[in-house]
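Scroll down for the structure; my scribbles are underneath it.
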Amino acid sequence: MAKDISFLVKDIKKATVQAAREACVEIMNGLAEAGPAHTGAFSSAWYAVPSNGTAGGPRSEGRIYKYDLRNIPKTRFTQTGLYKIVNGAEHADEAMDLVPHTYEDFDDVEPLKPRIYGVRPDAATRGDVLDGGGPNWKTAPADWWPTFNSGGQMQKLLAKGANKGFLNFGKARGFG
């Protein structure tokens, strides 16, 4: 009996990979929108990395990058996870406020998102700008990264992408 439906296991694995790829697209676009955007390099450096893959650097500048399935490599189904989403920009830890901010001269670049001006204390993170005017600025709140991860946005985009992937899988195969 199991032999009669063994083809389903293959289809379920393929559908799961497709759903994971769609979820990665949704999540990476959400990260690009939620995070800081000075030149666009950070927003274009999100990668869905299979267990044996590595992230590259920024893809472009001058805009907030828009991801699609071409940015997500196809991988095989494994029980240890399909993808890990990472940012390959050199300044990723700084942009995610994981390390103290270091000065970079962005005065000649008009940021892609509105600036919030204030004062950044010594050894503070990128987003740790006290609002109210001053020489320093940020284009995303200091808590954008943990808020995205634990505030429900990640789960919502994961569900949206997975639903899209599973729903489109059957149609593409002629089952709908």
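The values are calculated or read from the model by the stated rules, or taken from the named source; none is laboratory data. Nothing here was measured: the structure is a model prediction, and the numbers come from that model. Please note: Cβ atoms are built from the backbone with ideal geometry, for glycine as well, and neighbour counts cover all protein chains shown.
Quick look at the numbers
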{"read-out": "Pick from region 111-148, criterion of a type in the set (S, T, N, Q) and modelled with pLDDT of 90 or more, ranking: farthest from residue 34 (Cα to Cα)", "value": "125"}
{"read-out": "Counted residues, region 142-169 - those being within 29 Å of residue 116 (Cβ to Cβ) and in a helix (DSSP H, G or I)", "value": "14"}
{"read-out": "Any hit, region 64-86, residues being touching a Leu at 6+ places or on another chain (Cβ under 7 Å), at pLDDT 95 or above and surrounded by fewer than 19 Cβ atoms within 10 Å (Cβ to Cβ)", "value": "yes"}
{"read-out": "Within region 48-59, tally of residues that are more than 17 Å from residue 21 (Cβ to Cβ) and surrounded by 14 or more Cβ atoms within 10 Å (Cβ to Cβ)", "value": "2"}
